[in-house]
Every structure is written in structure tokens, then in C-alpha cells.
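Worksheet: the structure to be examined is printed underneath.
Where a number appears in this text, it was derived from the coordinates with a stated rule and is not lab data. Model, not experiment: these values are computed from the prediction. Cβ atoms come from the backbone with ideal geometry, glycine included; neighbour counts cover every protein chain shown.
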């Protein structure tokens with residue numbers, strides 16, 4: 001077999017595009033993913049301050065019945081649990097009334113929502129924050145439950161001097177050794193991105209499944225009033241107001257974790273659309289960098305596929321007599337890119353119990369490109 005290295009113009013172009021895009025993605029992964037497994041979360045302190053846990057209870061009777069008691073049984077000296085719902089929901093009202101006899105820290109707040117274009121959960125949480133007795137407020141949802149009785153203690157420990165927001169640890173499954181599905185892969189990727197930027201003091205979002213704020217900070221920036229009508233799913237737009245690295249803390253300790261119990265699965269398209277809305281409706285350096293990173297990743301996958309098709313065409317033309325040497329360099333760049341991406345994402349993803357997905361990075365990448373095209377097609381139809 002003759003080893004031939006005489007690249008044409010298009011072969012040089014494919015090599016150059018792949019190399020430049022790989023360098024760009026490497027810088028992102030080294031900067032964002034690398035710091036997550038090295039991060040040491042804050043430990044509980046001797047000084048405890050009062051904490052308010054706030055949940056939206058509308059249409060969540062079954063979830064409250066299964067999960068609310070996990071918050072009420074927290075091992076913490078001074079806290080309250082506020083459930084905001086419409087008093088017309090008699091079933092939920094009776095449930096809360098009976099539980100309040102056993103747990104005096106449970107409070108029921110009435111919120112009759114008559115404007116139908118409001119996001120129900122964001123509206124309820126905003127009312128709950130205003131009714132909170134304590135300065136530290138933890139926002140969560142009834143369909144997730146804490147895995148530990150020390151969840152409040154761990155979240156409160158992250159409120160150091162000057163900290164206005166604490167991003168908690170949300171996991172998608174309670175079995176970290178399982179193979180990660182495509183939907184869970186997307187969830188893990190999104191969490192790694194916003195946690196990585198938050199660790200650098202550039203918070204741009206969080207998940208309302210577990211996020212905490214200073215009450216004064218929440219009210220000063222009018223909470224969710226500016227995003228009631230914005231379709232952001234379970235993502236939080238308030239974090240974009242964090243201006244300095246010392247004003248945000250990430251708590252990814254095992255104790256500060258919530259897991260889904262009664263949550264209905266959200267489609268990959270809907271969840272990704274909500275995340276893309278977050279990136280597009282706020283002009284922050286973090287959101288711009290992430291969108292550029294997604295474009296570079298897509299460019300790598302398309303270029304790599306094009307190079308493989310070209311190589312197959314050349315082999316089909318010349319047979320085994322002449323081997324295109326340019327493809328060795330091309331394949332080497334691609335393998336190094338996918339290898340480092342898988343290693344860095346898997347190591348960081350282990351902090352979030354993401355499961356095993358390193359072996360499927362290229363496959364998931366092509367599925368992600370298809371998902372983006374589906375989102376673009378849906379937007380154009382509207």
C-alpha cells in the first residue's frame with residue numbers, strides 16, 4: 001500500500017477547520033469542566049441562621065403527599081416550610097392542614113392566580129418569598145425531594161459574607177452507575193455549563209429545583225416579575241444579576257441534593273428550547289461563550305463526518321493501492337478532541353451522578369445537532 005500525503009485544497013480546509021474548532025472547544029472544556037471535580041463545597045458551620053423553604057403547591061397534591069415530609073424532617077434548628085397554593089384546592093388544603101398539626105414549621109400561603117399568562121410556579125414562589133420570615137430562602141419544587149436530612153444545613157452553610165445566591169445540586173437519577181440516556185446527557189451538559197460559570201463568578205442561570213437567595217436580594221431585583229411570560233422551563237433568570245464572584249456560591253455536596261420522585265419526564269426538545277431561551281434572552285459573557293461553544297461542537301461533528309465521507313470516497317476510487325495520508329492527521333485530531341471531551345465531561349459529570357456517557361459522545365453530538373435543527377424548524381413554523 002502506498003502512503004500518499006498530497007492534500008488538496010478541500011482536504012487542507014477540512015484539517016484547518018477541524019483543528020481550529022477543536023482548539024476552541026478544548027479551551028472551553030479545560031476552563032469550565034476542569035474546575036468542577038476540583039471544587040470543594042462549603043461545609044456546615046456552627047452558626048445557624050433561620051431558613052425558609054418555599055414550594056409551589058398548585059396541582060401538586062400527590063407530590064406534596066409523597067415528598068413534603070422530607071423537607072419537614074430536616075435536621076436543622078430554625079426553619080420553616082412554606083407551601084403556596086390556591087385555597088380553592090380543598091384537597092391540598094386539608095393535606096397541609098393535617099400535616100401542620102404534626103409539623104408546626106409548616107406554613108400555608110394562599111395565592112389566587114387569576115392571570116393565566118403568568119408562569120404558575122414562578123408566581124407562587126415570588127409570593128412565598130415575600131411571606132418568608134427568614135433572610136435565607138430556598139426555592140424548590142414538590143416533585144423533587146432532598147436525599148439527606150442535612151440538605152437545609154448544607155445549603156445554609158454556603159451563605160457566607162456577601163453571598164446572595166446559592167446554586168444547589170440537582171441529579172436526574174438516583175443510580176449513578178447506569179448508562180446515561182440522551183435526555184440525561186443533555187441535562188448533565190446544561191448543569192455542567194451553568195455550574196462551571198457560576199464557580200467562576202459568572203452565574204447566568206440555575207434550576208428552580210434547588211436554588212437559594214437572600215430575601216433582600218430577591219426582592220431588590222423584583223424576583224421573577226420580569227420573566228413571568230418568558231418560557232424558561234424550570235430555569236432561573238434571577239442569577240444573571242450576580243455581578244461579582246463573591247456573591248454566588250455553588251453547593252454540590254452530596255447532602256445538598258434533590259432527586260426526582262414524582263416528576264413527569266420532560267421531552268428533550270422542550271427542555272433544550274427552555275435552555276436556549278435562557279441563553280438568547282440575556283446578553284451576558286457566559287451565554288455568548290456557551291452559544292459559541294455549541295456552534296464549534298456542531299462544526300466539529302459536521303466537519304468530521306464530511307472528512308470521513310471524503311476518505312471513504314477516495315478509498316473507493318483508488319482501492320487499497322493508495323492511502324490518503326491526510327486522513328491520519330484528520331482522524332488523530334478528531335480522536336483527541338472526542339477523547340478529551342469525554343474525559344473532562346465524565347469526570348465533572350460524576351459530581352452530578354450523570355451516569356456513563358463518555359463512550360457515546362460522538363453519537364449524542366449528532367443527535368444534538370438534529371435536535372437543534374428540530375428547534376429551528378419549530379420556530380420557523382411559528
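Under 20 °C and 1.002 mPa s, how fast does region 39-267 diffuse according to Stokes-Einstein, given a Kirkwood radius computed over C-alpha pairs? Answer in µm²/s, whole number. Intermediate results must be reported in sequence, preceding the final value.
Details: Rh = 17.7 Å.
In µm²/s, the coefficient is 121.
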Largest-first principal axis extents of the Cα set of region 127-225 (Å): 42, 30, 27
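How do 151, 308 line up, fewest other C-beta atoms within 10 Å first?
Details: 151 28, 308 14.
Starting with the residue having the fewest Cβ neighbours, the order is 308, 151.
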DSSP-defined antiparallel bridges as percent of all bridges, region 39-267, nearest 5: 40 percent
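With the convex hull built on the Cα atoms of region 178-261, state its orientation-averaged projected area in nm².
On the way: hull surface 27.1 nm².
The number I arrive at for region 178-261 is 6.8 nm².
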With Cα atoms, 0 to 90° folded angle of helix 90-102 axis to the chain main axis: 70 degrees
Ellipticity estimate at 222 nm from DSSP helix runs (n ≥ 4, -39,500 (n - 2.57)) divided over the chain, nearest 500: -16500 deg cm²/dmol
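Cut-off is 10 Å between beta-carbons; in what order do 294, 85 appear when sorted fewest neighbours first? Display every interim value, and only then the final one.
Numbers: 294 19, 85 26.
Fewest to most other Cβ atoms nearby, the residues stand as 294, 85.
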Footprinting exposure proxy for 369, 167, 54 (fewest neighbouring C-beta atoms within 10 Å first): 369, 54, 167
Theoretical FRET efficiency, 1/(1+(r/R0)^6), r = Cβ-Cβ of residue 222 and residue 105, R0 41 Å, to 0.05: 0.90
Degrees separating the helix 285-318 axis from the principal Cα axis of the chain, which is the longest one: 30 degrees
Crossing angle, helix 120-131 versus the chain [Cα axis fit, 0-90 degrees, rounded to tens]: 50 degrees
